[in-house]
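Derivation of every value follows stated rules applied to the coordinates shown; laboratory data play no part. None of the values given here were measured: they were computed from a predicted structure. Every residue, glycine among them, receives a Cβ derived from its backbone with ideal geometry; neighbour counts consider all protein chains shown.
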Amino acid sequence: MGVSTSCVEKGVAVVTVGFPPVNALPVAGWFALADAVRAAGRDPQVRCVVLTAEGRGFNAGVDIKEIQKDGNSALIGANHACAEAFAAVYDCAVPVVAAVHGFCLGGGIGLVGNADAIVASEDAVFGLPELDRGALGAATHLARLVPHHLMRALYYTSRTATAAELHAHGSVWQVVPRGELRAAALTLAREIAAKDGQLLRLAKAALNGIDPVDVRRSYRFEQGFTFEAGLSGVAGRVRAGFGKEGA
């Protein structure tokens, strides 16, 4: 359990997340993920990072049980930790390819929305169930995956979009059978890593520099409303019903 990094071939580092049963990350897990991605990007031998996960799905967001247990301290910790992990992917000195299977929810959207490319399995679904869990946030990143009005509808309804739908919108590079996901992600990473390493790093910085939205600032703005929901009591009321039938 945890976050691990492996170098499976020249120029490519694979960062793998594994927090059973559903990859709902605790605060420490988000910080560990941020550290792993940043470290991989700092390695002069690495030209591309593949972000992947073990288990039933890519990411189920934050550990709601940790927040229910520890209250505001865990909520503050989760907000800072998620911001660090999302920024680590975005600011990684080299391109990041997200390999997504199963569910990609909540914080998972923050990760893939900040990735440079996404390869997904046919069973992958993407969404923000935040309103069902007493939280807000990551609309910043969902807006990088789907058109604006679809983002709003998905956000308000907590519905998910399939990998095929995101592929049609151009945000998912390739959709493959589940068993071919790792190979497909590595194929793309290999093609990227074949470029000059110094030029790739300049290209990543240049592309970040021309982004129309500052993803770090806009996500931080969203987080303020999560804090307001917590202080007002509405977040706790919604979270109290999380997982209960009919809630």
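The long axis of helix 72-91 is offset from the longest Cα principal axis of the chain by roughly 20 degrees.
Per-residue Cβ neighbour counts within 10 Å put ILE64, ILE109 in the sequence ILE64, ILE109, beginning with the fewest. Distance from the Cα centroid of region 35-72 to that of region 200-232 is 17 Å (rounded to whole angstrom). Full extension of the chain segment joining ARG237 with ALA164 gains 22.8 nm, where the gain is 0.36 nm per residue of separation less the Cα-Cα distance.
Counting other Cβ atoms within 10 Å as a rough exposure proxy, the listed residues HIS141, HIS148 run HIS148, HIS141 from fewest neighbours to most.
Dividing the convex hull volume of the alpha-carbon atoms in region 1-123 by its residue count gives 86 Å³ per residue. Using only alpha-carbon positions in region 77-186, the gyration tensor eigenvalues give semi-axes of 21, 17, 12 Å once each is multiplied by 5 and square-rooted (largest first). Annotation: amide H of VAL100 within the under-5 Å range of VAL119, ALA120, SER121, sequence separation 5 or more or interchain, hydrogens built in the peptide plane. The trypsin sites (Lys or Arg not before Pro) of region 100-165 that meet both conditions, a loop assignment by DSSP and at most 13 other Cβ atoms within 10 Å of the site Cβ, are ARG159. Note on the chain: Kirkwood hydrodynamic radius from all Cα pairs is 18.0 Å, rounded to one decimal. Dividing the radius of gyration of the alpha carbons in region 155-247 by their Kirkwood radius gives 1.11 for Rg/Rh.
Sites listed here are trypsin sites (Lys or Arg not before Pro) in region 173-247 whose DSSP assignment is loop and whose Cβ has at most 15 other Cβ atoms within 10 Å: LYS195, LYS244.
Under the 0.36 nm per residue contour assumption, what length would be gained going from the current alpha-carbon distance of ALA203 and GLU180 to full extension?
5.4 nm
Against the main long axis of the alpha-carbon atoms of the chain, helix 27-42 sits at an angle near 20°.
Backbone phi angles across region 124-134, fed through the Karplus curve with coefficients 6.51, -1.76 and 1.60 (θ = phi - 60°), yield HN-Hα couplings of 6, 10, 10, x, 10, x, 4, 5, 7, 10, x Hz in residue order; Gly and Pro are listed as x. The angle between the Cα long axis of helix 148-157 and the longest principal axis of the Cα atoms of the chain comes to about 40 degrees, rounded to the nearest 10. Model label sites at PHE225 and THR157, defined 7 Å from Cα along the beta-carbon direction, differ in position by 1.9 nm. Taking other C-beta atoms within 10 angstrom as a stand-in for reagent exposure, THR52, THR5 fall in the order THR5, THR52, fewest first.
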